[in-house]
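Structure first, commentary second.
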Amino acid sequence: MEMCWNIMELYEGFEGIEHPFHNSVVTIGNFDGVHKGHQALLASAVKKASEIGGRSVAVTFDPHPRRVLSHGDHPPLITINEQKVELIKACGIDALVTVPFTKEFATIDARNFVMDLLIGKLGMKAIIVGNDYYFGRKREGDIALMKRFGQEMDFDVVTPEWVNVAEKRISSTRIREIISRGEVHRAPELLGRFYQVRGKVVSGRDRGGKLLGFPTANINLNDELCPASGVYAVTISCSLGQFEGVANIGYSPTFDDHIFTVEVHILDFSGDIYGETIKVNMVQKLRDEKKFSGIEELSHQIETDVENARKLFKDLATA
């Protein structure tokens, strides 16, 4: 994913927008994961805005509409809102409107949504969305209706081709499936980057360094979507820099305490990051979690995991 460090204006809802944008090109979606399909929509909006001398505007929702309308039946988010904002900014978008989604907002009909909000508030001259886009109360509006509105209200409707990988459309559902199975090495072909989790370094059970000889940072996850239990090669971003490491996700069956943890051993690292929120990029699963006969066997296995991770990173660097 190409990074673009533009200054992106942030708006919470439509109320804070005092004047419509000039010739805005709007793209709308939940953008969960900001995967390659989303990136293509965002890039199209940036390109179109440049062509017509306008502003590119992304509209998203928080919370996810399904959380409000489906009575708790919703999948885990791939990206928390903080990361989603960062990723949308990296696509070069001029302004991001995050709409607080409520049951009241869901009652706005299709015509008023387009006329009052997209045109009235955003100054829309073009909209870029997928072919399966629905809008308005009870999803009453579809692409055909949007195109009729476009002719009537003088704006363009652009529906780019789907982005496919292995002849299958990239979707948030597909990404959730591979992450939940632990197939994190497949994420870059769909996301354009490694899958990332974030969390605060908190007090652990003080076993890594004292018992096993491998000090670990215990992470209190912010994210909802966690890879399957197992041991992973990871990279870590923190205030002290970028590092390689090994993460254990799961229940530490050797110790029989049945507490779910995410622990990261950072290679060649000495520093204090306690209390800091760090970013952990999931590079590749090394093995499943398993129960060992005791501390000594587990310590030997961690040593092997570290060696395997080092080899993997070396191979990736020379690939």
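Once the Cα atoms are used to define both axes, helix 36-51 deviates from the longest principal axis of the chain by about 40 degrees. Over what distance in Å are the Cα centres of the stretch 55-113 and the stretch 154-194 separated? After rounding, the separation between the Cα centres reads 18 Å.
If both residues of a DSSP beta bridge must be in the stretch 9-162, then about 5% of such bridges are antiparallel. With all pairs of separate Cα atoms included, the chain yields a Kirkwood hydrodynamic radius of 21.6 Å. Roughly how tilted is helix 143-153, in degrees to the nearest 10 and between 0 and 90, from the longest Cα axis of the chain? Around 40 degrees separate the two axes. When the chain is treated as a Gaussian network with alpha carbon springs shorter than 10 Å, the biggest mean-square fluctuation among CYS226, CYS91, CYS238 belongs to CYS238. Pairs exceeding 24 Å between alpha-carbon atoms, taken from LYS47/LYS89; LYS285/LYS311; LYS285/LYS314; LYS200/LYS291; LYS36/LYS121; LYS47/LYS121: LYS200/LYS291; LYS36/LYS121.
Tally Lys and Arg at +1 and Asp and Glu at -1 over the other residues with C-beta under 13 Å from the C-beta of ARG67: what net charge comes out? Residues near ARG67 contribute -2 overall.
Calculated from the alpha-carbon coordinates, the stretch 85-212 shows an Rg and a Dmax of 20.7, 71 Å respectively. Just check the stretch 9-162 against the gyration tensor rule for me: Cα atoms, a ≥ b ≥ c as the square roots of the eigenvalues, rounded for a/c under 1.5, and otherwise prolate or oblate depending on whether a/b exceeds b/c. Judged from the Cα gyration tensor, the stretch 9-162 comes out rounded (a/c under 1.5).
Values in this text are rule-based calculations from the coordinates and carry no lab data. Everything numeric in this text was worked out from a predicted model, so none of it was measured. For neighbour counting, all protein chains shown are included, and Cβ atoms are generated from backbone atoms with ideal geometry for every residue, glycine included.
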